[in-house]
Amino acid sequence: ADELREYALNLADSLTSGQVTIDNINWTAFGGGPLPEPTNYPTNFAGNTAPFSVLLSWIDATGGQVPSSYLILGSDQNNIANPVDGTPVTNDPNHADGTGALNVIQGVQSATFGNLPSNKQYFFKIFPYTNSGTLINYKTDGSAPFVSVVTSNTVIIDSVHFTNYTMGNWQAK
């Protein structure tokens with residue numbers, strides 16, 4: 001009887017003490033492999049200019065397979081080639097050689113290319129993709145969204161950086 005009473009007290013204590021025991025756990029590792037190509041392109045791809053910059057915007061792609069990121073390719077010629085699956089493109093925001101590239105994560109919906117010359121035409125295409133490295137999978141079927149923008153016609157008459165706290169060739173009056 002004492003053993004039965006002790007067992008009942010231990011059982012009641014374990015039910016009210018908040019202790020939990022978990023048994024027979026099975027762990028299944030992710031085995032889905034690389035994600036497929038994104039289903040759709042983003043929409044409303046547009047470009048605006050600011051002095052010496054092009055500001056690009058879009059609405060993220062939707063569908064069965066959403067992209068993880070976007071590759072934006074730019075050129076001062078209307079000859080942008082599609083990227084190749086398995087070959088990542090590194091960021092190159094400097095158009096000094098006539099081309100540029102930016103990778104932007106899904107959800108950001110904007111990018112800026114700066115330090116561009118005044119009054120010059122640029123062409124941009126946006127490609128959604130999944131995965132990375134040698135598994136990168138760009139959407140290249142159909143027509144990638146495309147925009148052409150001419151940078152604003154801005155002329156700098158004089159420029160002084162006041163980082164050294166001097167007035168340069170300017171005079172305070």
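The values are calculated or read from the model by the stated rules, or taken from the named source; none is laboratory data. Keep in mind it's a predicted model, so treat the numbers as computed, not measured. Every residue, glycine among them, receives a Cβ derived from its backbone with ideal geometry; neighbour counts consider all protein chains shown. Each accessible area value is taken on the protein alone, full model and side chains, heavy atoms only, with ligands, DNA and RNA left out. Shrake-Rupley method; radii C 1.70, N 1.55, O 1.52, S 1.80 Å.
Here are a few things to note about the model shown:
- Inter-centroid distance (Cα atoms) of segment 35-74 relative to segment 104-128, Å: 9 Å
- Extending 7 Å from the Cα toward the beta-carbon at both residue 60 and residue 118 defines two label points whose distance is 3.9 nm.
- 55, 102, 71, ranked by accessible area, largest first (probe 1.4 Å): 55, 102, 71
- Residue by residue, segment 94-105 carries 3J(HN,Hα) couplings of 8, 8, 4, 8, x, 10, x, 8, 9, 9, 10, 5 Hz when phi is fed to the Karplus relation 6.51 cos²θ - 1.76 cosθ + 1.60 (θ = phi - 60°); x denotes Gly or Pro.
- Our summary gives segment 66-137 a relative contact order of 49 percent, counting only alpha carbon pairs under 8 angstrom and 6 or more residues apart.
- Note on residue 35 and residue 96: their simple-model spin labels are 3.5 nm apart, each label 7 Å out from Cα toward Cβ.
- Pairwise FRET efficiency - residue 53 versus residue 82, Cβ, R0 = 25 Å, nearest 0.05: 0.45
- Area of residue 143 that stays accessible when all protein chains are in place (1.4 Å probe, Å², to 10): 100 Å²
- Amide hydrogen proximity for residue 150: with H placed 1.01 Å from N in the peptide plane, the residues at 5 or more positions away or on another chain lying under 5 Å are 122.
- The listed residues 66, 147, 54, 84 rank as 84, 66, 147, 54 when sorted by accessible area, largest first, using a 1.4 Å probe.
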